[in-house]
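Peer 1: Below are the structure tokens for one structure; questions will follow.
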Amino acid sequence: MFLVGHALVAFLIAYCIFFMMYNGNTITVGGINRKNAEKTKIIATKTKISFALVMLLGILPDFDMVFQAAGIMPHKTFTHSPILSGMVVAPVILVMARWPLKQTLAASLAYALAFAQHIFDDIVVGSLNVAYPFGSLSVGIGIAYGSVYHLVLEISLVAVVAAILMSSAFGKASQRRGERGQRQQFLLLSPSKQTPKRSDASPYFKSSFLFSRFGKLDKVCYALLLLSFLISFGYLFYEMKATPHLFVESGLEMSLFVLLHLAAVALVSFMIIVTREETKDKNVIQNKV
């Protein structure tokens, strides 16, 4: 896969892990007492996952291309070995995240699988020597690298992740508009024209706040992710021009290749906006509790 596909598969794995393990724990303010609100707030805060870090870990094995360019080692060797990366590095990431870094089990598992899934992606698209460094056993399911099937697969991943982000962003906006409408209706119907109490109105906001992590590490990871996509696009585009039909054989495939990377850059930019706004929303609600 291209870096885009690796990053988005890592995102979807982390997204599924959170809801499988925590069943969408939420923060709810309004209509509940302060003690319960504080308890719910703590749960949601502790289960945050850095999707920027997840996606960066998903593309990390392909950084061996830098070493290949420097003549140190070939691409898809040590960093793509199921024996080394899958059975050694991924468990180390899990242990380091869970205990020294004190992450939740869900977050730790997401980080470990984000790195390990890269190997599976390269078996789905293209082929991979799964016995490296102890032997040679090339495995692949038949989707050619750079083919229309490959490009449509990655564009579909972009569409799925975009739908998740749009649901999160616009769903919260709809909840806020609904809450404002209910409060205005209450004031129109109330003879006293007094502001409704929290117990009189529906919950102000309800969300898992899954995309509410936007610290310094996340900003750096998002910047590296965007830079990686741009460098990868430039490098592959140059290689295709220098060596015609290297892996893209038609105008349609070239068009899909360009569209994919433009959409990926736009998607990550939108993800930054959603994450930043959700972080602000969560901080506002926590201050109200």
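The values are calculated or read from the model by the stated rules, or taken from the named source; none is laboratory data. What you see is a predicted model; the values in this text were computed from it and never measured. Backbone-built Cβ (ideal geometry, glycine too); neighbour counts: all protein chains shown.
Peer 1: Consider LYS206 carefully, then state whether it is at pLDDT below 95, of a type outside the set (Asp, Glu) and in a strand (DSSP E or B).
Peer 2: When the stated conditions are applied, LYS206 passes them.
Peer 1: Counting only residues that are buried (at least 19 other Cβ atoms within 10 Å of the Cβ), hydrophobic (A, V, I, L, M, F, W, C) and more than 20 Å from LYS219 (Cα to Cα), how many does the stretch 47-88 have?
Peer 2: The total comes to 0.
Peer 1: Still on this structure: Within the stretch 245-289, how many residues are over 20 Å from the mean Cα position of the chain (by Cα) and among the aromatic types (Phe, Trp, Tyr)?
Peer 2: 2
Peer 1: Take GLU249 and tell me if it is part of a loop (DSSP other than H, G, I, E, B) and either touching a Pro at 6+ places or on another chain (Cβ under 9 Å) or modelled with pLDDT under 95 (or both).
Peer 2: Answer is yes for this residue.
Peer 1: Within the stretch 178-190, does at least one residue satisfy the condition of being at pLDDT below 90, surrounded by fewer than 15 Cβ atoms within 10 Å (Cβ to Cβ) and not in a helix (DSSP H, G or I)?
Peer 2: yes
Peer 1: Suppose the filter is at pLDDT 90 or above and either on the phi > 0 side of the Ramachandran plot or β-branched (Val, Ile, Thr) (or both); does VAL284 pass it?
Peer 2: Taking the combined requirement at face value, the residue does not satisfy it.
Peer 1: Out of all the residues in the stretch 121-154, which are within 15 Å of LEU84 (Cβ to Cβ), surrounded by 15 or more Cβ atoms within 10 Å (Cβ to Cβ) and among the aromatic types (Phe, Trp, Tyr)?
Peer 2: Matches in the stretch 121-154: TYR132 only.
Peer 1: With the checklist (1) β-branched (Val, Ile, Thr); (2) modelled with pLDDT of 95 or more; (3) part of a loop (DSSP other than H, G, I, E, B) in hand, flag the one item VAL160 doesn't pass.
Peer 2: Every listed condition holds for VAL160 apart from (3).
Peer 1: Can you pull out every residue in the stretch 263-281 that is farther than 18 Å from HIS6 by Cβ and surrounded by 13 or more Cβ atoms within 10 Å (Cβ to Cβ)?
Peer 2: If the condition is that a residue be farther than 18 Å from HIS6 by Cβ and surrounded by 13 or more Cβ atoms within 10 Å (Cβ to Cβ), then PHE270, ILE272, VAL274, THR275, ARG276, GLU277, GLU278, THR279, ASP281 are the ones that fit.
Peer 1: State all residues of the stretch 66-80 that are touching a residue at least 24 places away in the same chain (Cβ under 8 Å) and either touching a Leu at 6+ places or on another chain (Cβ under 9 Å) or more than 19 Å from PHE120 (Cβ to Cβ) (or both); if no residue qualifies, say none.
Peer 2: LYS76, PHE78, HIS80
Peer 1: Of the residues ALA110, ALA106, which single one is farther than 21 Å from VAL4 by Cα and buried (at least 17 other Cβ atoms within 10 Å of the Cβ)?
Peer 2: Going through ALA110, ALA106 in turn, the sole match is ALA106.
Peer 1: Report yes if some residue within the stretch 129-149 is modelled with pLDDT of 95 or more, assigned to a helix (DSSP H, G or I) and within 18 Å of ASP64 (Cβ to Cβ); otherwise report no.
Peer 2: Within the stretch 129-149 (the criterion being modelled with pLDDT of 95 or more, assigned to a helix (DSSP H, G or I) and within 18 Å of ASP64 (Cβ to Cβ)), the answer is no, since none of the residues qualifies.
Peer 1: Six or more apart or on different chains, Cβ under 8 Å: which pairs go from a residue in the stretch 1-17 that's in a loop (DSSP other than H, G, I, E, B) to one that's aliphatic (A, V, I, L, M) and modelled with pLDDT of 95 or more? Could you list them?
Peer 2: From the stretch 1-17, the pairs are MET1/VAL9; MET1/VAL124; MET1/VAL125; PHE2/LEU260.
Peer 1: Follow-up. Considering only the stretch 56-91, state which residues are aromatic (Phe, Trp, Tyr) and either at pLDDT 95 or above or within 23 Å of the chain's Cα centre (by Cα) (or both).
Peer 2: Across the stretch 56-91, the qualifying residue is only PHE63.
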